[in-house]
Structures are given as C-alpha cells and as structure tokens.
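For reference, the structure is listed below as structure tokens.
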Amino acid sequence: MSQWSQVQQLEIKFLEQVDQFYDDNFPMEIRHLLAQWIESQDWEAASNNEAMATILLQNLLIQVDEQLDRVSQEKNLLLIHNLKRIRKLLQGKYHGNPMHIAVIISNCLREERRILAAASMPVQGPLEKSLQNSVVSERQRNVEHKVSAIKNSAQMTDQDVKYLEDLQEEFDFRYKTIQSLEQSDKNSALIKQEMLALQAMLNTLDYKRKEVLSKIGRVIHEIDMLMSNMLTEELLDWKRRQQIACIGGPLHGGLDQLQNCFTLLAESLFQVRRQLEKLDELLTRLTYDGDPIPVQRPQLLEKVNFLLYNLFRNSFVVERQPCMPTHPQRPMVLKTLIQFTVKLRLLIKLPELNYQIRVKATIDNNRRFVLCGTHVKAMNMEESANGSLSVEFRHLQPKEMKSSAGSKGNE
C-alpha cells in the first residue's frame, strides 16, 4: 500500500494535520493523482542537487501532462481546469529554481511519515492518556508544526540566495565581456541590444535581492513571534510540571520535544545568518543606486543575533533538581555538609557545541556559603543516555563561610 493510501485511511484529527502543509507550493491534487510516482523518486537527494532537481521537475510536469490527457478524454472539466492552473503555477514558480520543489515535496513526505507513526501508536489506558495529555498538549503540536514550517522556509530561502548568486555571476561575466571590447565595437547594434538585456538582468537582480531580504525578514519575524509566545509558554509549562514533580506529583517529561524545537530554531537562525553573510559577499562584488542590501541587512543581522542570544539564554535549564547521589528521583533541600548532585541541560543540541560551553556552579553571593567539590565542568553529549548537551555536578557540598575576627556586616 502506498504511503498516500495509508494517509487517506487516517482519522480526521490526523487528516487535519496533513491538510496544513499542502498549499499552492505543492497542491494536494498533484500529491493524490501522482502518489506512487512521487513516492518512488528521491526528493531528499534532489533538494541538494540542482541537476537532479531539474530532471525531476521536468518529469513531474510530464506526469501532469499525462494526467491532463487522461482527464480530457473523461471530459472532467473541473479537473482539467485545476490541472492546467497547477501546471502553469509549478512551471512558473520553480522553473528558475527546481530545488525549491524538491525541498517542499521531501518535507511533505517526511511530515506524512511522522503523522503515520504518531497514528500507529498503541491506544493507552485512562491514566496513561491523562499523563500524556499533560505533556503533549495541542499547543506543543502547534509549536512543532510552526518550527517545521520555519525550517522549511529557511531552506527554501537558501535556494533563493543560490539562484541570486548564479544570476549575479552571469551578469558580472556578460558585463565584463562588454567592457573589454574596443570603443568602436561598443556602438554596434548587437552590443546595444546586449546592454538592454543587461539592464533587464540588473532589474531582475534588484527584484531578487528585495525578494530574498523580504523572505529573510519574514522568517525572522516568525521565529520572533514563536519564541515570544508559544515556545516561552511551553518552557514555563515544563518548569511548572517539574516543580509539581518535586513535591510528589507525576514524573514530568516533554524536554526532548522542547529540545527538538529549540535546536531547529537555532539551526534556522544560523542558516539565516549565513544567508545574510552571503548577501554581504554579493554586495562587495556588485552594488548600485537603490541597492536594498546595505540598508536592510544590518538591521536583519542585529535582530538575528538578538534572537540567538535569547534562544541560548532560555535554553539553559536545570534538568534534574538537586538531590542525593543515591536517590536521583527525590529532590532535596540543600543543607550544609550534605552532598548533592544536580544536572543541567542546554536545549540546543548542536555537535559543534560539544565540550565548548563551560558551566560554573555557585551559590547566591548574598548567602554566606561556598560550594565544595568540582564546580566547573564542560557540557558534553556523553553524559546523557539520549545524547543531549548536558553537565552533571556530582558530590557538591554547601559549606558555611567562617567570619574572620572583627569582621562586620556581610563580609
């Protein structure tokens, strides 16, 4: 049975999730009519290979043409109208950048597999279902969907930047070719025609630069809104559940899902920052009156750096509250001369951060205590069973500071 056939048999709540990621970028009509052919192609590989993506786009249009021939024989007027519109849309939208549609289809197929996997989970009892509902809320699913959409938008903007770079290189080559000609040759009708073509190409470059900056701005805005609202609420909700667990409530979970969201957002922000760096590189090669890059890029870069700072700051959490080394599931009140252990975690899981972040455990300066034991360690991925970036301080011990003779106040 094809993947699409399995999707069609899902319950309505899962079908509604599927409906959310099909739009004019990749219409559901095409997914339905060409289900088996679409699933037999390697769209993920094509999303990083322009030659392969070009061939797949051409073959996709051929498949649509074949469907048009079929429905024309059946005289299905509505379907004929829709297919003609969709074919024109696909050709116009992706002709200059075929990797776009490869990225979109690859992501759609991946999301379908994720939803099918979620739908196949065994039915749980009332208690288990109650616990799960407290962790996996509707808001959390919305967060995951929005994060996935943001990641997809950032990937597609990558392809726009690549197209812009290729277009600029072609313009640069053709312009320098004309500049190298003798003055007498420049007056020929053919060269004048080429100059008009170059002006049209420069206009296209200007339009594409504005378009890329606009798309980057939208991605940054979406990340900002998500961080300010839904993601912050999810993190606060997790901290509340942790507090309840510390006083005897059910064991809390959901940190892995939060880590996935934080990590994908960090990856998207770093990707956007690389795109802005590439635009700066393109600016050094070519600029002109009214160029939007020097005006908009600094503001966008400042916003990206601000969001990265806030994302990293909020992603640092106490995964396991202070407890006795022999009883990790029982949080404790800190007491002098009593050893405890505590585990911290960074919800941004990037391999390049392994052993790069050092953490120091201290007690509030206003309290007259010091911590004995190893209180400076590097975060790493080896201490956690799930490979998260964390650090665990073991055998820490609060010790009261002794006041020297004649000391006053809080010295």
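Excluding residues on the same chain fewer than 8 positions from Lys192, give the lysines whose Cα lies under 19 Å from its Cα.
Counting by Cα, and skipping residues close in sequence, Lys192 has these lysines nearby: Lys176.
Can you tell me how much longer the chain between Glu277 and Glu211 gets when fully stretched, taken as 0.36 nm per residue apart minus their C-alpha distance, in nm with one decimal? Walk me through the numbers before you get to the answer.
Values: separation 66, 0.36 × 66 = 23.76 nm, distance 1.63 nm.
Full-extension gain reported as 22.1 nm.
Starting from the amide H of Leu389, placed 1.01 Å from N in the peptide plane, find each other amide H under 5 Å away whose residue is 5 or more places distant or on another chain.
Residues meeting the criterion, in which the H sits 1.01 Å from N, are Leu346.
How much length, in nm to one decimal, is gained on full extension between Ser188 and Gln243, taken as 0.36 nm per residue of separation minus their Cα-Cα distance?
Details: separation 55, 0.36 × 55 = 19.80 nm, distance 8.01 nm.
Answer, rounded to one decimal: 11.8 nm.
Can you check what the net charge comes to around Pro294, using other residues whose Cβ is under 15 Å from the Cβ of Pro294 (Lys, Arg +1; Asp, Glu -1)?
Working: positive: Arg209, Lys210, Lys278, Arg285, Arg297; negative: Asp206, Glu277, Asp280, Glu281, Asp289, Asp291, Glu302.
Here the charged neighbours net out to -2.
Using a Cα-Cα cut-off of under 20 Å, which lysines could be cross-linked to Lys278, ignoring same-chain neighbours fewer than 8 residues away?
Lys151, Lys162, Lys208, Lys210, Lys215, Lys303
Could you line up His375, His100 from fewest to most neighbouring Cβ atoms inside 10 Å? Provide the component values of the computation, followed by the final result.
Numbers: His375 14, His100 23.
Exposure proxy ranking, most exposed first: His375, His100.
With a cut-off of 8 Å between alpha carbons and a minimum separation of six or more residues, what is the relative contact order of the stretch 316-400 in percent?
Details: 172 pairs, mean separation 28.2, N = 85.
Value for the stretch 316-400: 33 percent.
Assuming R0 = 25 Å, can you tell me the calculated FRET efficiency for the pair Ala200 and Asp24, based on Cβ-Cβ distance, to the nearest 0.05? Intermediate results must be reported in sequence, preceding the final value.
Values: r = 27 Å, r/R0 = 1.09.
With a Förster radius of 25 Å, E is 0.40.
Lysines within cross-link reach of Lys239: Cα-Cα under 17 Å, excluding same-chain residues under 8 positions apart?
Excluding near neighbours in sequence, the set is Lys343.
Quick check: residue separation of Arg313 and Phe369 times 0.36 nm, minus the Cα distance between them. What number comes out in nm? Let's see the in-between values first.
Numbers: separation 56, 0.36 × 56 = 20.16 nm, distance 2.60 nm.
Gain in length upon complete extension: 17.6 nm.
Using a Gaussian network for the chain with springs between C-alpha atoms less than 10 Å apart, which of these wobbles most: Leu34, Leu389, Leu255?
Most flexible of the set in this elastic network: Leu34.
Note the listed values (1) 61; (2) 57; (3) 45, then indicate which one is percent of Cα pairs over 29 Å apart calculated from this particular structure.
(1)
Run the simple label-point estimate for Phe270 and Lys75 please: 7 Å along Cα→C-beta, distance reported in nm.
For Phe270 paired with Lys75, the spin-label model returns 6.1 nm.
Counting other C-beta atoms within 10 Å, and keeping those with at most 16, which DSSP coil GluC sites (Glu not before Pro) do you find in the stretch 1-62? The partial results should precede the final answer.
Details: sites: Glu11, Glu16, Glu29, Glu39, Glu44, Glu50; in loops: Glu11.
The qualifying sites are Glu11.
Let's test the formula: R0 of 30 Å, r as the Cβ-Cβ distance of Glu233 and Leu350. What FRET efficiency results, to the nearest 0.05? Intermediate results must be reported in sequence, preceding the final value.
Values: r = 24 Å, r/R0 = 0.80.
Approximately 0.80, to the nearest 0.05.
Relative to the longest principal axis of the C-alpha atoms of the chain, give the angle of the C-alpha long axis of helix 126-135, reported between 0 and 90° and rounded to the nearest 10°.
70 degrees
Between Arg358 and Leu61, take the C-beta separation as r, use R0 = 41 Å, and let me know the FRET efficiency to the nearest 0.05.
Efficiency, from the Cβ-Cβ distance: 0.15.
What do you get for the angle between helix 77-94 and the principal long axis of the chain? Use alpha-carbon atoms, 0 to 90 degrees, nearest ten.
80 degrees
Once you list every other residue whose beta carbon is under 11 Å from the beta carbon of Gly217, what net charge do they have if Lys and Arg are +1 and Asp and Glu are -1?
Summing Lys/Arg as +1 and Asp/Glu as -1 gives +2.
Assign unit charges at the C-beta atoms only (+1 for Lys and Arg, -1 for Asp and Glu), then state the dipole size of the chain relative to its Cα centre in Debye, rounded to the nearest 20.
Working: 52 positive and 52 negative charges, 419 e Å.
Using only the charged Cβ atoms, the result is roughly 2020 debye.
Taking the Cα atoms only, what angle lies between the long axis of helix 138-179 and the longest principal axis of the chain, rounded to 10 degrees?
That works out to roughly 50 degrees.
List the residues, sorted by chain then number, that are 5 or more residues from Cys372 or on another chain and whose placed amide H is less than 5 Å from its amide H.
Gln397, Lys399
Apply the Debye scattering formula to the stretch 150-275, with a single equal point scatterer on each alpha-carbon and no solvent, then give log10 I(q)/I(0) at q = 0.11 Å⁻¹.
Debye intensities relative to I(0), on a log10 scale: -0.60.
Per-residue HN-Hα couplings for the stretch 384-389, Karplus 6.51 cos²θ - 1.76 cosθ + 1.60 at θ = phi - 60°, whole Hz, x for Gly and Pro?
Each residue of the stretch 384-389 in turn: 10, 5, 8, x, 6, 7 Hz.
For the stretch 1-119, what is the per residue volume of the convex hull drawn over the alpha-carbon atoms, in cubic angstrom? Before the final figure, lay out the partial values.
Working: hull volume 12.3 nm³, N = 119.
Cα convex hull per residue, to the nearest whole number: 103 Å³.
We did not get these values from a lab; they are worked out from the coordinates using the rules stated. Note that the coordinates shown come from a computational prediction; the quantities given were computed from them, not determined experimentally. Heads up, the Cβs are rebuilt from the backbone with ideal geometry, glycines too, and the neighbour counts pull from every protein chain shown.
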